[in-house]
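The values are calculated or read from the model by the stated rules, or taken from the named source; none is laboratory data. Computed from a predicted structure; not experimentally measured. A quick note on method: Cβ atoms are made from the backbone with ideal geometry, for glycine too, and the neighbour counts reach across all protein chains shown. The protein model used for the area step is the full one, side chains on, heavy atoms only, and it has no ligands, DNA or RNA in it. Shrake-Rupley method; radii C 1.70, N 1.55, O 1.52, S 1.80 Å.
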Amino acid sequence: MASPATMRTVRPLDGLHLHTSGPPELTALAAEHLRLLGAAPTDSGQESEGPAARISLAGDGFAAAGARTAWADGSRETGICDEATAQAATGIMAVHGRRDGSPRGLAVDCAATATAVLTAQGLLAGLLAQARGGPAAQVTTSAERAGLLSVSQYLAAAGAAEGEAVELAPGGPPFTAADGTLFELETLDAGAWAAFWRALDAPADAVRAGWRPFQFRYATACAPLPPALHATTRDHSWQRIREAASASGAEVCPLRSLTERAAERAAERAVEHDGAAPWSLAARGSGHRPAEVTPTAARPLAGLTVLEAGRRIQAPLTAHLLGLLGAEVIRIEPPGGDPLRGMPPACSGISARWLALNRGKQAVEVDIKAESDRRRLREMAAEADVFLHNWAPGKAAQLGLDAGDLSVVNPALVYAYTSGWADRLPGAPMGTDFMVQARTGVGEAARPADEPPAPSLMTLLDVLGGLLGTEAVLAGLLLRERTGQGVRVDSSLLGAADVLTAPGLRRAATGQSPRQPAGFRRPLPTADGWVAPADACAAAARAYDLRDLPTGEALTQLRAHGLAATAVTTDLADLHHDPRFAGSISCDAHGAPAVPDPWSFV
């Protein structure tokens with residue numbers, strides 16, 4: 001069909017009407033994002049079939065696009081009925097708890113947040129397919145699939161034939177200065193790591209032993225550092241630690257509170273109820289690219305090409321999801337290939353973690369330091385629909401590969417930048433997951449009030465940042481279809497942090513305690529494992545002593561008293577055979593575990 005656009009459209013969903021029903025835990029954030037993209041809300045009720053939520057969009061020439069989302073897939077009994085049980089079953093509690101040595105629930109609603117973003121993605125992809133001549137489709141998502149996607153790298157590593165390169169044992173940052181300041185340390189360079197600790201007179205053997213677990217903490221979600229390193233920082237003032245970091249090239253960041261972040265947002269006139277979006281879209285130029293391939297319901301992005309120059313997690317995950325939606329993804333790698341292909345553990349000689357984010361992509365080696373290769377990259381961008389990167393701030397402009405440069409060769413390009421800070425916080429530290437967690441109060445939000453603040457060593461923001469990047473690209477592609485203009489889209493880890501901590505920030509902004517109460521989402525031990533009660537049942541469940549009961553009997557006892565609960569996954573390798581996920585987890589061509597696509601289209 002012809003695009004239902006008019007040139008009056010300035011946002012991708014202008015002219016469409018939005019209706020929601022069902023649990024607000026599953027609808028509110030998705031509806032807010034769709035509203036920010038231009039959809040006009042209609043009267044919404046809470047009626048729905050059972051616990052499922054429904055969202056629909058229609059109008060301005062589009063046939064109705066609908067989404068159904070729930071805590072769990074299908075009708076089988078999984079015990080997944082809320083955020084706590086979703087975290088427990090999918091392995092989120094196990095991964096987050098590695099730093100502490102036992103499963104821990106995240107005090108933020110990471111599974112529900114990811115589900116909401118995936119739901120918005122599915123609706124945007126369906127509308128994009130319609131605009132490109134494809135059929136109207138309905139999409140299904142669930143917190144179960146969102147949780148599995150969130151741990152997909154850790155699951156892939158757990159299912160690899162070889163072991164981890166470092167020990168999976170308790171421990172990790174943050175560090176503590178002599179005056180009690182909690183802080184995060186970051187460096188990607190072994191020389192800077194050694195220089196920082198030498199400046200503080202740390203024992204040389206502890207410095208050497210600490211580098212590898214520190215370096216791999218992004219992959220393992222724990223960092224069993226030598227106790228001497230923590231003792232070293234407790235012997236020095238915060239000022240001295242800052243000086244050591246400045247002299248060495250490492251970076252440090254004190255853990256900020258949610259109250260501080262809420263005040264900062266208010267000063268920026270970007271508090272949550274003012275509708276601050278976690279991404280930005282800007283139309284530029286003109287040069288509509290006609291669809292050469294008609295998309296299908298199952299592959300709404302078929303016929304589109306994505307060039308991805310991504311590192312680590314955020315941008316590669318964004319491109320991975322676009323590929324699952326049907327786009328052809330061409331990954332730009334340095335000469336010799338992405339060094340992370342060799343990160344252990346491996347499956348058939350390729351890093352299992354790398355496969356979780358990059359399977360199915362084509363790879364082209366490009367030396368971006370060479371003008372001839374940059375010229376070749378511009379030629380590739382001239383034939384692409386999306387150019388995506390997460391380079392350091394300013395690097396694209398230095399290379400002549402910024403949005404303005406590439407719009408010259410392709411005015412219809414959707415240029416996507418997934419960054420750390422989106423240039424919103426002057427003087428911010430390195431824009432990596434744990435530093436953004438520290439700077440924005442995530443370290444406080446992730447743990448209940450009886451635990452000291454500490455950024456989760458699970459890469460929360462890289463994953464959510466990648467999801468928001470996909471949402472932004474889909475919105476940009478739909479805006480392009482409706483206006484005939486190229487679009488620049490920007491997303492960031494900072495935006496992901498603000499989305500994840502939004503409930504706490506709202507409480508802080510109104511003078512309430514921003515943190516969850518003591519013991520929040522703390523699973524209960526059994527004779528052979530752990531059980532996690534639903535949040536609404538947690539207080540009553542704590543009245544029962546389950547420590548001498550096998551997990552199955554403990555669950556039976558709780559359920560006999562009307563208390564919802566599920567078993568906590570403690571070994572991610574067991575997910576492959578877990579009856580709660582029967583048939584949903586497969587293996588790729590290399591033998592690495594692969595989680596199911598996060599959406600189904602019909």
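Comparison of 98, 145 shows that the only residue that is assigned to a helix (DSSP H, G or I), in contact with a Cys (Cβ under 8 Å, 6 or more places away or on another chain) and of a type in the set (Lys, Arg) is 98. When the residues of the stretch 529-540 are filtered to those that are in contact (Cβ under 8 Å) with a residue 12 or more places away in the chain, among the aliphatic types (A, V, I, L, M) and closer than 16 Å to residue 83 by Cα, the one that is most open to solvent (accessible area, probe 1.4 Å) is 536.
With respect to the conditions (1) open to solvent by less than 20 Å² (accessible area, probe 1.4 Å); (2) outside any helix (DSSP H, G or I); (3) modelled with pLDDT under 95, residue 168 falls short on a single one, namely (1). Comparison of 72, 160, 107 shows that the only residue that is part of a loop (DSSP other than H, G, I, E, B), under 19 Å from residue 602 (Cβ atoms) and in contact (Cβ under 8 Å) with a residue 12 or more places away in the chain is 72. Of all residues in the stretch 270-292, those satisfying the criterion of being under 16 Å from residue 491 (Cβ atoms) and either over 20 Å from the mean Cα position of the chain (by Cα) or at pLDDT below 50 (or both) are 270, 282.
Count of the stretch 526-541 residues, restricted to those that are within 22 Å of residue 452 (Cα to Cα) and not aliphatic (A, V, I, L, M), is 1. When residue 514 is tested against (1) touching a Ser or Thr at 6+ places or on another chain (Cβ under 8 Å); (2) open to solvent by 50 Å² or more (accessible area, probe 1.4 Å), only condition (2) is not met. Do any helices (runs of 4 or more DSSP H) lying entirely in the stretch 469-588 carry at least 1 residues that are at pLDDT 95 or above and within 24 Å of the chain's Cα centre (by Cα), and which ones are they? Result: 493-500, 502-509.
Table: residues versus (1) open to solvent by 30 Å² or more (accessible area, probe 1.4 Å); (2) small (Gly, Ala, Ser); (3) more than 25 Å from residue 166 (Cβ to Cβ).
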| residue | (1), (2), (3) |
| --- | --- |
| 321 | no, no, yes |
| 324 | yes, no, yes |
| 338 | no, no, no |
| 341 | yes, no, no |
| 367 | yes, no, yes |
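Among the residues of the stretch 486-506, none qualifies, meaning not one is in contact with a Pro (Cβ under 8 Å, 6 or more places away or on another chain) and among the basic types (Lys, Arg).
In summary, residue 79 fulfils each of the numbered conditions (1) within 19 Å of the chain's Cα centre (by Cα); (2) at pLDDT below 95 with the single exception of condition (1). Of the listed requirements (1) open to solvent by 10 Å² or more (accessible area, probe 1.4 Å); (2) in contact (Cβ under 8 Å) with a residue 24 or more places away in the chain, residue 427 misses just one: (2). With respect to the conditions (1) surrounded by 24 or more Cβ atoms within 10 Å (Cβ to Cβ); (2) closer than 30 Å to residue 581 by Cα, residue 197 falls short on a single one, namely (2). Of the residues that sit in the stretch 431-451 and are over 16 Å from residue 264 (Cβ atoms), part of a loop (DSSP other than H, G, I, E, B) and touching a helix residue (DSSP H, G or I) at 6+ places or on another chain (Cβ under 9 Å), which one is least open to solvent (accessible area, probe 1.4 Å)? Applying the filter and picking the extreme gives 446.
I'd like to know if the stretch 462-477 contains one or more residues that are over 17 Å from residue 312 (Cα atoms) and either touching a Gly at 6+ places or on another chain (Cβ under 6 Å) or hydroxyl-bearing (Ser, Thr, Tyr) (or both).
No, there is no match, as no residue in the stretch 462-477 is over 17 Å from residue 312 (Cα atoms) and either touching a Gly at 6+ places or on another chain (Cβ under 6 Å) or hydroxyl-bearing (Ser, Thr, Tyr) (or both).
Filtered by the rule that a residue be in contact (Cβ under 8 Å) with a residue 12 or more places away in the chain and not charged (D, E, K, R), the stretch 405-416 gives 406, 407, 409, 410, 411, 412, 413, 414, 415, 416. Of everything listed in (1) closer than 20 Å to residue 538 by Cβ; (2) at pLDDT below 95, the single unmet condition for residue 137 is (1).
If you go through the stretch 192-232 and keep only what is under 24 Å from residue 340 (Cα atoms) and either of a type in the set (Lys, Arg) or over 33 Å from the mean Cα position of the chain (by Cα) (or both), you end up with 208, 212, 217.
Just the residues that are touching a Pro at 6+ places or on another chain (Cβ under 6 Å) and open to solvent by 10 Å² or more (accessible area, probe 1.4 Å), please, taken from the stretch 151-162.
Looking only at the stretch 151-162, we keep the residues that are touching a Pro at 6+ places or on another chain (Cβ under 6 Å), and these are 155-157, 159-160, 162.
If the condition is that a residue be touching a Pro at 6+ places or on another chain (Cβ under 6 Å) and open to solvent by 10 Å² or more (accessible area, probe 1.4 Å), then 159, 160, 162 are the ones that fit.
The one condition from (1) surrounded by fewer than 20 Cβ atoms within 10 Å (Cβ to Cβ); (2) out of contact with any Cys (no Cβ under 7 Å at 6 or more places or on another chain) that residue 601 does not meet is (1). Taking residue 188, is it open to solvent by 40 Å² or more (accessible area, probe 1.4 Å) and modelled with pLDDT under 95? Spelling it out, residue 188 is indeed open to solvent by 40 Å² or more (accessible area, probe 1.4 Å) and modelled with pLDDT under 95.
Restricting attention to the stretch 376-390, does a residue exist that is open to solvent by less than 50 Å² (accessible area, probe 1.4 Å), free of Cβ contacts under 8 Å to residues at least 40 places away in the same chain and under 19 Å from residue 473 (Cα atoms)? The answer is yes, given that some residue of the stretch 376-390 is open to solvent by less than 50 Å² (accessible area, probe 1.4 Å), free of Cβ contacts under 8 Å to residues at least 40 places away in the same chain and under 19 Å from residue 473 (Cα atoms).
I'd like to check something: does the stretch 143-150 contain any residue that is among the small types (Gly, Ala, Ser) and open to solvent by 10 Å² or more (accessible area, probe 1.4 Å)? Scanning the stretch 143-150 turns up at least one residue that is among the small types (Gly, Ala, Ser) and open to solvent by 10 Å² or more (accessible area, probe 1.4 Å).
Within the stretch 171-188, the residues that satisfy the criterion of being assigned to a strand (DSSP E or B) and aliphatic (A, V, I, L, M) are 182, 185.
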